[in-house]
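Heads up: the structure comes next, in structure tokens.
Values quoted throughout were computed directly from the atomic coordinates according to the rules given, and no laboratory measurement underlies them. Just so we're clear, the structure is a prediction, and the values are computed from it rather than from any experiment. Cβ atoms come from the backbone with ideal geometry, glycine included; neighbour counts cover every protein chain shown.
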Amino acid sequence: MASVVLEHVSKRYGQVEAVHDVTLNVEDQEFLILLGPSGCGKTTTLRMVAGLEDLSSGAIHIGSRDVSHVPPKDRDIAMVFQNYALYPHMSVFENMAFGLKLRKVPKPEIERRVKEAAEILGIGGLLDRKPKELSGGQRQRVALGRAIVREPLAFLMDEPLSNLDAKLRTQTRVELKRLHQRLGATIIYVTHDQTEAMTMGTRIVVMKDGIVQQVDTPDGIYHRPANQFVATFVGTPAMNLLRGALTRQGDTLTFRTDDQLMTLPSHIAHAASALTGEAMVLGIRPEDVHVSQEAVARLPQTQIRAVIRLIEPMGHENMVYLDLGTQSITARAANDWYGTVGDTITCALDPARLHAFDAATEKSLLS
Amino acid sequence: MMALRRFNRGLIYVVLTLAALLYLLPIYVVVVTSLKTNATISLQHMWNFPLHPSFASLAAAWSQLAPNFGNSFYLAIPATLFSSILGALNGYVLSKWRFKGSNIIFFLILFGLFIPYQSVLIPLLRIMDTIGLYNSIPGLILVHTIYGIPITTLIFRNFYASIPDEMLEAAKIDGTGYWGIFRYMVLPLSVSGFVVAGIWQFTQVWNNFLFAVTLTNPPNQPVTVALVNIAGSQTIQWNVQMASALLASLPTLLVYIILGKYFVRGLLAGSVKG
């Protein structure tokens, strides 16, 4: 296993820049997630690490070697594709052994490694089958096995779970994480699924329009988003954003949104002092919007009044959609909370969990 | 509804059977005439089944045509193989290793499909003479290989378009390069492509008359030319003539019957996603 380093990597197709100046340091044994909406450049970045796309500029190192212009076969990496890309004319065994055979690994060694990988993945009984005789989940395992037997410096995975059904995806996610711990592998994993990113990654790289937005641990991405894009892309339902204006009265800073006033806690006030104008965006996650009476009573500074527009009972919780005049927010309420659509209620935003963004640049003020 | 559908179905079968019978009538005449003795052949009785079927004319035809049969196999098998392999290589490059201008090159190759053979005969003859391949089977092999490239390129390019790129990328990462991918991935998946191109090319080369009659003299002529020479004798032996035609058409028929079933086989099933 080895580290993977990207230095100022860019990819241009004619006039379009698909990946812009990406610099990443993937540490040895790290499970790094590239997360972003489709077209954000995450797959292109991965394919450049694999050598399937040429770099327009920048450099890529795997281990201590500069591989920027090395063909894929000599990079000593393995890749798992979204569509598995198994070789249809070869048996499961041959699929997994192919890369080793090309590298002239001795036969007994090939057999040992394939058997071992098949054991780990629970496909020992399928070695003589052809890919078309396998189910989607089994094919997925074969594709993983083909990567494992190679014992590469790094694993590259391009949305490997997105063709599985929901139940299998959850199950495989857990197995993949366990596999990472067991193999001590360096993995770069591309996904648009934030659940996969949050549950499996040691660090997450959030990308948008070819530009890296933030590199952080799942915890950091969730609790300290660097900008509004990251804040709203990660988390379901998305973080609530409230546009408003600041008014300063001595030491206290008041936030006015939809004609309602809120006194901002000191850490927000401190951060907001960097702003020159008065426009600001306040962010708050649905679970930090409180609607129960006891909780609201405890938070007198940050109360707002809102009309209940819709309640979605999810079983373990209730999703409450609230109108604040021109803006709306979502709150997560306990499943023993009851409200009536159309009622005006007072809710409170947890002051410790507030985020603040520059209205012009959309960047977080809290870092 | 059911009755109507059954009636329609029945009608289709009746029409198709009649069309098939009409199509098979000349072949019937060829077969029965070849089984008659020359004396019993007349225009009045041409539809009749022979009273005393005899294979004498088939034997006579074979003894006359055997060397030319040899020529034809010696011509058709290498020409089919070479043009199929070249077509496969072209198709591989033009579908999986696109480069700037590859579409223009593909278009230019396809252009070869639309050149009428008659228009190139005289210069072709001169060229073959100059390079010393006139009046030889290797010369004909060369001509048919080259004239086969456009159609085989088209067949393989379209066939390879169905091989997913991801699979070839997986092979690249597993350690293959340009030739490795062709050898280990593309070629094993090409069986149906080779069957299609092979049947087509074999039939074309075997049945070709124009190049053969222009570029070869006896005894180097393929069976198609020899067939016409038999008809050119002073007294026409209809039974031998028909028997020769029957023999000359057998190989292409057999190729189709033996290989035709591979047409249907979908070897790619399950390669990407089921």
Straight distance only, please: which lysines reach the Cα of A:Lys130 with their own Cα at less than 20 Å, same-chain residues fewer than 8 apart left out? A:Lys101, A:Lys115, B:Lys273
Let me know the Kirkwood hydrodynamic radius for the range A:178-327, please, with Cα pairs as the basis and the value in Å to one decimal. 18.0 Å
Stokes-Einstein D in µm²/s, Kirkwood radius over Cα pairs - the range A:239-349 at 37 °C with 0.692 mPa s viscosity: 225 µm²/s
Summing +1 per Lys or Arg and -1 per Asp or Glu among the other residues with Cβ less than 14 Å from B:Asn90's Cβ gives +3
Just to verify a number: FRET efficiency for A:Leu168 and A:Glu94, C-beta to C-beta distance, R0 = 25 Å, to 0.05? 0.50
Among residues other than A:Tyr189 whose Cβ falls under 13 Å from its Cβ, what is the net charge (Lys/Arg +1, Asp/Glu -1)? -1
Just need the Rg to Rh number for the range B:1-132, please, alpha carbons only, Kirkwood Rh. 1.18
Pull out a ≥ b ≥ c, the square roots of the eigenvalues of the alpha-carbon gyration tensor of the range A:21-154, then state rounded if a/c is under 1.5, prolate if not and a/b is larger than b/c, and oblate in the remaining case. prolate
Under the Kirkwood approximation applied to all pairs of distinct alpha-carbon atoms, what is the hydrodynamic radius of the range A:89-225 in Å? 16.3 Å
Expressed in angstrom, Rg and Dmax over the Cα atoms of the range B:126-227 are 18.5, 56
Given the pairs A:Lys73/A:Lys167; A:Lys107/B:Lys96; A:Lys42/B:Lys96; A:Lys42/A:Lys132; A:Lys177/A:Lys208; A:Lys11/B:Lys100, which are separated by over 27 angstrom at their Cα positions? A:Lys73/A:Lys167; A:Lys107/B:Lys96; A:Lys42/A:Lys132
Across A:98-109, the residue-averaged tally of Cβ atoms belonging to other chains within 10 Å stands at 2
Any idea what Rg and Dmax come out to for the protein assembly as shown if you just take the C-alpha atoms, in Å? 37.2, 128
Which percent of Cα-Cα pairs in chain B sits in each 5 Å bin, short to long? 1, 5, 10, 11, 13, 12, 12, 11, 9, 7, 5, 3, 1, 0, 0
Rg/Rh (Cα only; Kirkwood hydrodynamic radius) as it applies to the range A:287-367: 1.00
Summed residue charge, Cβ within 14 Å of A:Leu310's Cβ, Lys/Arg positive, Asp/Glu negative: -1
Here the relative contact order (percent) of chain A, from C-alpha pairs under 8 Å and at least 6 apart, is 16 percent
Any chymotrypsin sites (Phe, Trp or Tyr not before Pro) in the range B:15-56 that lie in a DSSP loop and have at most 12 other Cβ atoms within 10 Å would be B:Trp47, B:Phe55
So the pair-distance distribution of the range A:184-249, from every Cα-Cα distance in 10 Å bins, comes to percents of 18, 49, 21, 9, 3, 0
Space enclosed by the convex hull of the alpha-carbon atoms of chain A, per residue, Å³: 167 Å³
